[in-house]
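Have a look at the structure below before the remarks.
The values are calculated or read from the model by the stated rules, or taken from the named source; none is laboratory data. If you're wondering where the values come from, they're calculated on a predicted model, not measured in any experiment. Because the Cβ atoms are built from the backbone with ideal geometry, glycine has one as well, and the counts that use them run over all protein chains shown.
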Amino acid sequence: MAQEALQGAQILGLQTEALEFKGPDGLQAILTKTVRAQGLMVVTDPVISDQRTTVARLAVAQRMAAIGMFAEEAQAGMLASFGESYF
């Protein structure tokens, strides 16, 4: 999923950066590092799923539009989701 999104962004002429972190403590460090970013696409894994409200809150604090894979991420405060709900 992430690779396809990066390829699509490149076709559209958008500058992208894939960011990875280890565990919940790395979320704030990653999101504050992206201070110049205008948007955030979240590819969900178990850590992100448990921290979706934190991701949404930090994205809002950085004035960054965030989208997630599932409806629950939009319900947690992200701008939108691009997938279906499994819950």
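Brief remarks on what is shown
- 2 or more residues of a type in the set (Gly, Ala, Ser), in contact with a helix residue (DSSP H, G or I) (Cβ under 8 Å, 6 or more places away or on another chain) and surrounded by 15 or more Cβ atoms within 10 Å (Cβ to Cβ): qualifying helices (runs of 4 or more DSSP H) within segment 1-64: 52-61
- Taken over segment 31-42, the residue count meeting the criterion of being closer than 20 Å to residue 70 by Cβ and at pLDDT 75 or above is 4.
- Annotation: of all residues in segment 5-30 being more than 12 Å from the chain's Cα centre (by Cα) and among the β-branched types (Val, Ile, Thr), the one that is modelled with the highest pLDDT is 11.
- Residues in segment 39-87 that are within 15 Å of residue 19 (Cα to Cα) and polar (S, T, N, Q): 1 in all.
- Residue count, segment 1-59 (criterion: touching a strand residue (DSSP E or B) at 6+ places or on another chain (Cβ under 7 Å) and not polar (S, T, N, Q)): 9
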